[in-house]
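For reference, the structure discussed in these notes is given below.
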Amino acid sequence: MIAGEPFDHLACFSHGDEDLPRDADRVTIDMPAVFSFVREPQLATRSIRRIAAAALAGAAEIEIELGGLEHVDTCAASTMLAVLEEAGNRGSKITLRLPHTERLLPSLAAAGASRMVAAEDRTKLPKPSLFPLHRGRRAPEWDKKKAQKAAGIDGERIYDRLAAWLEEHGRGTPSAEFSKSFGHGFGEAMTNAATHSDSDWWISEHVENGTGGAPILHVTVFNFGQSIASTIQAAPRGFPTLEDYELLIAEHERRDGFDTSWTKADLLTLLAIQDGSTAFEDERGVGTLRGLELFEYILAQAPEGNPRMCWISGTTRVLLDGRYTLQESRLERRRTAKRRDIAFNAAKDLRDRPDPSAVTNLGCEFPGTLLTLQFAVCDCFLQ
């Protein structure tokens, strides 16, 4: 990107095999019954790509049909609405057809769907519960410290909205321990989104009533641009942790090798979320570690809340659901002291292939990086 030029977010989606009529003036896209990066990451990614492809093909009108929707999470809805907004900025007229199931409307409202539905349908959407889809702007003259400060402010706002909602609905106030863990964990994730993004970035926060009584919190942050793996692959020699990555790539090639279900990009994405991985010489590499620690804190306190955290970047989805946890690293690193790893396999070793249900090759690309967290805000987090 040339300094001073606006970043074309949809151009990130330009490489793909989406089956769309390239000369169509009006394109209708039926979204899948389960639209979720947590449950069905391949379907969600391909659906987002189809919307971008329609806009890139110059469709005058893009109609999104949600009538068959049975499940949607705020993460997928937010990403869809961000891409639709970009398509609208390119000149496409956007028509959003709401689902027939009323319980799905709050997630769409949290993603900002009211801006794209017909006027007569807007009253069907409830008011967003917490922090509707918000765009974090990247300054033309990029400054890491300014980006961190801006992300920190938005992180505080996300926490404040949650605390206010809990008190307003008679749930109590977050405990000091929860406040600290949530602030450190997701605050670091948002800082990563701001400092590692080569474009604008988006955040959203939504709470819904869970079937077990405790409200379910959904928080999402994402950007479009280079994936984690492509950023690492383009790094010059001297990249702080590149030597460690290269040793592990060679070890995987020596053992089982790579194939279409387990690629070098998948390995690089997995390595990038480990303790100590960093793209900056002056950083400790704890951004994703704080997110992992937050998830493990939530899991330890309230496993019945079915917490989920996942990263989507490039062709890789990494899912945390409690089956695998941080362990003391078995690796000797050239640059860092002893660290903790999460290898997503029974051997607890990054030199072995991970469980494909936890580290999944999508078979298509999400151009950028997305992080989402969802969990039940149980009484143990409150006072």
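The values are calculated or read from the model by the stated rules, or taken from the named source; none is laboratory data. For clarity, every value in this text was computed on a predicted model and none was experimentally measured. Cβ: placed from backbone, ideal geometry, glycine included. Neighbour counts: every protein chain shown. Only protein heavy atoms, including side chains, enter the accessible area calculation; ligands, DNA and RNA are left aside. Shrake-Rupley method; radii C 1.70, N 1.55, O 1.52, S 1.80 Å.
Please work out how much length the chain gains when fully extended from residue 124 to residue 42, using 0.36 nm per residue of separation minus the C-alpha to C-alpha distance, in nm with one decimal. Write out the running numbers ahead of the final one.
Details: separation 82, 0.36 × 82 = 29.52 nm, distance 2.96 nm.
In short, 26.6 nm is gained.
Mind grabbing the accessible area of residue 124 for me, 1.4 Å probe, Å², rounded to tens?
120 Å²
Keeping all protein chains in place and using 1.4 angstrom, which order do 159, 297 fall into by accessible surface area, from largest down? Walk me through the intermediate numbers first.
Details: 159 50, 297 30 Å².
Accessible-area ranking of 159, 297, largest first: 159, 297.
Using a cut-off of under 14 Å, list every residue of the range 342-369 whose amide N is near the label point 7 Å from the Cα of residue 327 along the Cα-to-beta-carbon line.
Under 14 Å, as judged by backbone N against the label point of residue 327, lie 342-355 of the range 342-369.
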